[in-house]
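Chemist: I'd like to ask some things about the structure below.
Values in this text are rule-based calculations from the coordinates and carry no lab data. Not measured: the values here are computed from a predicted model. All Cβ positions, glycine included, derive from the backbone under ideal geometry; neighbour counts span all protein chains shown.
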Amino acid sequence: MTLSVTAVVVTYNRADKLPTVLDKLAAQSRPADRVLVIDNASTDDTPAVLAEYGARPGIEVVRLDTNTGGAGGFATGMKLAYEGGADFAWIMDDDCYAEPDALAELLSGLDAAEKQMGMQLPFACSVVQWVDGDVCEMNNPGTTWDWGRLLVRGLPVVLVEHCSFVSVLVPRWTMAKYGLPLSEYFIWFDDQEYTRRITAAAPGIQCLDSRVVHDLPTNRGVNFADVNERNLWKFSYGVRNEASYQWHHVDKAAALRFAQRVHRGLKEGRVPRKLRLELARKFLEGLTFDPKPEFPKTVL
């Protein structure tokens with residue numbers, strides 16, 4: 001039986017990079033059966049770009065009335081993929097360039113891993129490289145304690161507990177059982193929360209032969225020493241969202257350790273007091289912020 005895959009690309013004001021993303025999807029050795037582009041109310045030339053690509057077979061564009069952030073965009077796209085009957089949603093950012101065999105390797109890797117483990121696995125993610133070919137520091141998945149269990153059996157996959165939303169294959173059953181990403185997170189830590197949630201009973205996998213390039217301006221992970229006036233809004237979401245997750249879904253001690261990590265980073269970066277106080281306020285906000293997942297409608 002041939003399984004159907006819907007690729008979900010969430011975009012906002014990336015008219016310069018989006019054509020490469022879509023061209024790379026069209027060049028897959030095993031193309032997605034449907035490409036769904038969620039336009040988060042872009043204000044640049046993205047609508048014009050999508051008007052051209054939307055006329056091509058297999059590409060559908062959904063333009064949202066407001067910017068719902070990456071979290072809202074992925075929740076919308078995955079819901080539409082599920083309700084459209086897809087067996088898998090392949091989700092990615094609008095600056096993610098998939099190598100030709102990226103999807104084929106995710107599908108074959110997940111199938112082989114499930115047969116070896118004798119169980120369903122909730123997701124498969126790609127290796128994410130930066131534009132120079134090095135590993136992309138923003139997108140390293142968190143491995144399990146026995147991460148090499150299938151690697152030593154000859155499969156080019158490792159077991160992981162969480163990953164970013166840069167080329168992740170999510171099976172239909174995962175969405176039905178665990179729901180969708182939390183759209184209320186808007187941006188930052190939505191991918192961590194979701195992939196940690198769906199690995200409650202079984203690990204995910206990273207397929208080492210599935211590669212994508214993440215076209216970020218700089219190759220640097222999240223570091224609270226980098227907080228400034230321009231990026232404070234992103235870090236504000238990140239602090240609120242992770243505080244919420246640690247406090248409500250791990251334990252209080254984990255939330256306090258996160259607060260210490262934020263404080264240490266801000267201190268090392270000599271971040272101005274005004275910005276530190278704003279992030280402290282966002283941490284406290286996270287202690288009462290606890291959104292619940294939406295579940296896609298069952299298709300009869």
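Chemist: Do any cysteines of the chain lack a neighbour Cys whose Cβ is under 4.7 Å away, and which are they?
Modeler: Those would be 96, 136, 207, since no other cysteine Cβ in the chain comes under 4.7 Å of theirs.
Chemist: So what is the calculated 222 nm ellipticity per residue for the chain, using -39500 (n - 2.57) for each DSSP H run with n of 4 or more, over all residues, to the nearest 500 deg cm²/dmol?
Modeler: Numbers: 9 runs with 109 residues, N = 300.
Computed mean residue ellipticity for the chain: -11500 deg cm²/dmol.
Chemist: Rank by packing, highest mean first: peptides 169-177, 13-21, with packing defined as the count of other Cβ atoms within 10 Å averaged across residues.
Modeler: Values: 169-177: 20.0, 13-21: 18.1.
The packing order, highest mean first, is 169-177, 13-21.
Chemist: Kindly rank 217-224, 202-209, 95-102 from highest to lowest mean number of other beta carbons found within 10 Å of each residue.
Modeler: On the way: 217-224: 12.2, 202-209: 22.9, 95-102: 20.8.
Order by mean packing, descending: 202-209, 95-102, 217-224.
Chemist: Cα centroid distance between the stretch 119-147 and the stretch 179-224, in Å?
Modeler: If we compute the Cα centre of each part, the gap is 9 Å.
Chemist: Return 145, 247, 130, 233 ranked ascending by Cβ neighbour count within 10 Å, so the fewest neighbours appear first.
Modeler: On the way: 145 8, 247 21, 130 18, 233 13.
Ascending number of Cβ neighbours within 10 Å: 145, 233, 130, 247.
Chemist: Next question. Taking θ = phi - 60°, what integer Hz values does the Karplus form 6.51 cos²θ - 1.76 cosθ + 1.60 yield along the stretch 33-42, in sequence order, with x for Gly and Pro?
Modeler: Karplus values, whole Hz, x for Gly and Pro: 6, 8, 10, 10, 9, 9, 8, 7, 6, 4.
Chemist: Then there is this: Expressed as a whole number of Å, what is the distance separating the alpha-carbon centroids of the stretch 7-60 and the stretch 249-287?
Modeler: Using only Cα atoms to place each centre, the spacing works out to 37 Å.
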